[in-house]
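Presented below is the structure to which this report refers.
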Amino acid sequence: MLNRLFGLFSKDIGIDLGTANTLVYVRGRGIVINEPSVVAVNQKTGQIVQVGTEARKMVGRTPGHITAIRPLTQGIISDFEVTEEMLRYFIQKVHGGSVAQLARPRVVIGIPSDVTEVERKAVEDAVKNAGAREVFLVEEPMAAAIGVRLPVQDAVGSMVVDIGGGTSDIAVISLGGIVVSKNLRIAGDRLNEDIIRFARDEHKLLLGERTAEDLKIAIGSAVELEEPLEAAMRGRDLVTGLPKEVIADDAEIRRAMRHSINTLITTIKATIEATPPELVADIMHRGVVLVGGGSLLRGLDRLVAEETRIPVEVAEDPMSAVVRGTGVILENLDNLAEVLVSPGYQRAPTL
């Protein structure tokens, strides 16, 4: 009875709870929120100051008593209370108005493929405490595959490489389940760290995290480019302590990220090696699909194709693939219940 009452005031939502960004899909409306997974907290009072886009603007620019926190690390919750507050903010933002306090939506949320039972329970509890009446968990590579409309329920192999902010998920899917998967703690954030380390070691220059990410987007690449790119690296000189600017080119940034990218390629190869031969034949025919923000790195698809000798394509709008998948599941829970990793979903009775 209560569930039916809450349903009147609630909108079912799908969430891609990412290390870098959180995206929210509302049933019947599509993606309505795409904001950074950042929360600004006043350490004196414990109060939340800002969430999402406004909080990200504060990173590296806050006074001592305000801290801009990323409550997820490498795809898992590192600060439970802040994650709960961030989710509550997004759920209430979706509903808005006077009904926000009464909203108790059903939520489908993506999780990395290798999370432990404890980490899985932490996600479920955080979403419930934030206001959800029911929580359904789905592994992110499965959600991404559904989001890009791969035939995940058919007896055919599909391979997805989801390169996010904190983790990369590599999975081979068939008959509604993940046959082989590997989760790697190398993704967009690691590439940013590589650039920061390179600037420090090679140029004695201290860069901020946002500056490193901007450099990666502006001139980063996985293969040699036909036309060289250049950009200014601005930070603090570690010798003098004064501001310093160095002009970097794409070859330097590529060299900085080379080790991490090679590790990603090696893991993709290892996943293919562990895949049953019939499914490998399907993948050779159908190709590998890259999703997630990291897939937008220039030439990465070309490098993966050269190293694996399998066709590779970057999905359309790769950053929203996971949340689009949660949306498809929301719209068709009865038929896609088998892809959920959380027990407890009851099919609607047939009449």
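Among all positions in segment 159-182, there is no residue which is in a helix (DSSP H, G or I) and either in contact with a helix residue (DSSP H, G or I) (Cβ under 8 Å, 6 or more places away or on another chain) or at pLDDT 95 or above (or both).
Of everything in segment 232-280 that is small (Gly, Ala, Ser) and without any contact (Cβ under 8 Å) to a residue 24 or more places away in the chain, the residue that is farthest from MET159 (Cα to Cα) is GLY241. Where helices (runs of 4 or more DSSP H) sit wholly within segment 213-314, none has at least 1 residues that are surrounded by 13 or more Cβ atoms within 10 Å (Cβ to Cβ), hydroxyl-bearing (Ser, Thr, Tyr) and assigned by TED's automatic domain parsing to the domain that holds GLY60. Restricting segment 145-158 to residues that are in a helix (DSSP H, G or I) and small (Gly, Ala, Ser) leaves a set whose member that is farthest from GLY327 (Cα to Cα) is ALA145.
Name the single residue, out of those in segment 200-212 being in a helix (DSSP H, G or I) and out of contact with any Leu (no Cβ under 7 Å at 6 or more places or on another chain), that is surrounded by the most Cβ atoms within 10 Å (Cβ to Cβ).
Of the residues in segment 200-212, the ones in a helix (DSSP H, G or I) are 200-203, 209-212.
In the following step, the residues that additionally are out of contact with any Leu (no Cβ under 7 Å at 6 or more places or on another chain) were identified as 201-203, 209-212.
Working: ASP201: 10, GLU202: 13, HIS203: 17, GLU209: 15, ARG210: 14, THR211: 20, ALA212: 25.
That would be ALA212.
Are there any pairs, at least 6 apart or on different chains, whose C-beta atoms fall under 6 Å, with the first in segment 79-105 and closer than 18 Å to VAL32 by Cα and the second among the polar types (S, T, N, Q) and at pLDDT below 90, and if so, which? Taking only residues 6 or more apart or on different chains, the pairs are ALA100/GLN92; ALA103/SER10; ARG104/SER10; PRO105/SER10.
Among residues that are in contact (Cβ under 8 Å) with a residue 12 or more places away in the chain, over 17 Å from LYS182 (Cα atoms) and in contact with a helix residue (DSSP H, G or I) (Cβ under 6 Å, 6 or more places away or on another chain), GLU307 is included.
Listed here are the residues, each with its yes/no results for (1) in a helix (DSSP H, G or I); (2) buried (at least 17 other Cβ atoms within 10 Å of the Cβ); (3) of a type in the set (A, V, I, L, M).
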{"position": "VAL41", "(1), (2), (3)": "no, yes, yes"}
{"position": "THR45", "(1), (2), (3)": "no, no, no"}
{"position": "VAL59", "(1), (2), (3)": "no, yes, yes"}
{"position": "VAL94", "(1), (2), (3)": "yes, yes, yes"}
{"position": "ARG104", "(1), (2), (3)": "no, yes, no"}
{"position": "GLY110", "(1), (2), (3)": "no, yes, no"}
{"position": "VAL118", "(1), (2), (3)": "yes, no, yes"}
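Residue count for segment 201-231, restricted to those that are in contact with a strand residue (DSSP E or B) (Cβ under 6 Å, 6 or more places away or on another chain) and more than 26 Å from LEU303 (Cα to Cα): 4. Applying the condition of being closer than 18 Å to LEU23 by Cα and among the hydroxyl-bearing types (Ser, Thr, Tyr) to segment 275-331 and asking which residue is nearest to the chain's Cα centre (by Cα) yields SER320.
The values are calculated or read from the model by the stated rules, or taken from the named source; none is laboratory data. As the structure is a computational prediction, the values presented were derived from the model and not from experiment. Positions of Cβ are generated from backbone atoms using ideal geometry, with glycine treated the same way; all protein chains shown enter the neighbour counts.
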